[in-house]
Amino acid sequence: MISPDQTPIGSGFGPATTAAEAVHGIDLRGRVAVVTGGYSGIGLETTRALAEAGATVIVPARDRARAAAALAGLDRVEMEALDLTDAASVAAFARRFCGSGRLLSMLVNSAGIMATPLHRDADGREGQFATNHLGHFRLTLALWPALLAAGREAGGARVVSVSSRGHQIAGVDFDDLDFERRPYDKWIAYGQSKTANALFTVALDRRGRNHGVRAFSLHPGQILTELSRHLSAEEIAGFDALDAEGRPRIDPSRGMKTVAQGAATSVWCATSPRLDGLGGVYCEDCDVAPVYSAATGRRGVHPWAAEDALAERLWRVSEALAGASLP
């Protein structure tokens, strides 16, 4: 079953909307956000837009020197140490945050890697699944007390997971998550991890909705950022991502966006009052996306990234792999 809410709502925004436009007129003073990957690419633009709207934004960083340079000059932005692939680091970050007594109104899971050579985390998990999904699964569950507190006391909380249209490449292979039996394919692995981001949203929203915590996933658009560092020149050319002068092609109607446009849907999901009462849905272009079919072209969420039963199966598997569960 796919949620009947998985249908566009006519937000009034579109592919060319920027992050600043998506949050225009929304007062986030007194709200706290955590943005993973918040010091580069669309994560940095997400941090900037939320902070400029008045939020205090905490940016977890593995490379603290690089993060400090990127975040210099931004008001209401704080930096904390975190390595998403290290369970102990995730737990330590969450202890510090929850111990501070702050309410967490927005958690934007924006960090990620794409199409990497095969690598594994300390537990032997395939690297893209471990970073893009399991790291954020652990982090979200560890921050749950602060999210619940915001749900009770601050008018609600939202968890936003940055997925990708790449989820259409592959569903989750529950029989071989870590490519131990099948040949490793970097794009299949990426697609699996992005499907996992969307399914996580479905299951998380079911657990949070009665407590004022809602969850959303999204496709940001096709943006040339550091995320593409593992792609060859031939692969980038194959995406028609560069113009004749070698500059990133910008055509929002085709999904080719600026970084500011790419961050817009993350910001919209985290803040828009149009989403009040909704959750567990996949969004794109600052609107709820349709369910993918032959009639939608490349737009929409594939059923294998939105089915309730698959979301629950992934949740149970993730609990076992992460050694974590909600109270």
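The values are calculated or read from the model by the stated rules, or taken from the named source; none is laboratory data. These numbers come from a predicted model, not from an experiment. For neighbour counting, all protein chains shown are included, and Cβ atoms are generated from backbone atoms with ideal geometry for every residue, glycine included. Ligands, DNA and RNA are excluded from the accessible area calculation, which covers all protein heavy atoms including side chains. Shrake-Rupley method; radii C 1.70, N 1.55, O 1.52, S 1.80 Å.
With a/c under 1.5 counting as rounded, go ahead and sort segment 164-221 into rounded, prolate or oblate using the C-alpha gyration tensor (a ≥ b ≥ c being the square roots of the eigenvalues; past the cut-off, prolate if a/b is larger than b/c, else oblate). Note, shape of segment 164-221 comes out oblate.
Under the definition of Cα pairs under 8 Å and six or more residues apart, what whole-number percent is the relative contact order of the chain?
Once normalised by length, the contact order is 24 percent.
Accessible area per residue for the chain is 40 Å², calculated with a 1.4 Å probe on protein heavy atoms, without ligands, DNA or RNA.
How much of the accessible area of segment 1-132, in percent, comes from carbon and sulfur atoms when a 1.4 Å probe is used?
C and S fraction of accessible area: 51 percent.
As a rough guide to protection, the peptides 176-183, 307-314 ranked by mean Cβ packing within 10 Å, highest first, stand as 307-314, 176-183. The order of the peptides 130-141, 150-161 by mean Cβ neighbours within 10 Å, most packed first, is 130-141, 150-161.
What's the Kirkwood radius of segment 94-192 in Å, using all Cα pairs?
Hydrodynamic radius (Kirkwood, Cα pairs) of segment 94-192 is 14.9 Å.
All Cα-Cα separations within segment 1-77 were binned at 5 Å from zero, giving a P(r) of 3, 14, 22, 19, 14, 13, 8, 5, 1, 0, each value a whole percent of the pairs.
Applying Stokes-Einstein at 37 °C and 0.692 mPa s to the Kirkwood radius of segment 136-199, computed over alpha-carbon pairs, gives a translational diffusion coefficient of 242 µm² s⁻¹. The calculated pair-distance distribution of segment 1-156 uses every alpha carbon pair, bins of 5 angstrom beginning at 0, and gives 2, 9, 16, 18, 20, 17, 11, 6, 1, 0 percent. The apolar share of the surface of segment 157-221, taken as the fraction of accessible area on carbon and sulfur atoms (1.4 Å probe, ligands and nucleic acids excluded), comes to 45 percent. Taking a Cβ cut-off of under 13 Å around Gly280, the surrounding Lys, Arg, Asp and Glu residues balance to a net charge of 0, with basic ones at +1 and acidic ones at -1. Taking a sphere under 15 Å around the Cβ of Arg76 and counting the other residues whose Cβ falls inside, with K and R at +1 and D and E at -1, yields a net charge of -1. Give, as a single signed number, the net charge of other residues whose beta carbon lies under 13 Å from the beta carbon of Ala55, with Lys and Arg counted +1 and Asp and Glu -1. Spelling it out: positives minus negatives among the neighbours equals +2.
From the square roots a ≥ b ≥ c of the eigenvalues of the alpha-carbon gyration tensor of segment 34-113, which class results: rounded (a/c under 1.5), prolate (a/b over b/c), or oblate? Before the final figure, lay out the partial values.
Working: a/c = 1.64, a/b = 1.18, b/c = 1.39.
Because a/c hits 1.5 or more and a/b fails to exceed b/c, segment 34-113 counts as oblate.
Considering only Val267, Ser100, Leu139, the residue lying farthest towards the positive end of the dipole of the chain is Ser100, judged by Cα position with unit charges set on Cβ.
Please sort 3-9, 206-212 by packing, taking for each peptide the average over its residues of neighbouring beta carbons within 10 angstrom, highest first.
Listed from highest to lowest mean packing, they are 206-212, 3-9.
Mean residue ellipticity, 222 nm, helices only, the chain: the sum of -39500 (n - 2.57) across DSSP H runs of n ≥ 4, divided by residue count and rounded to 500, is -10000 deg cm²/dmol.
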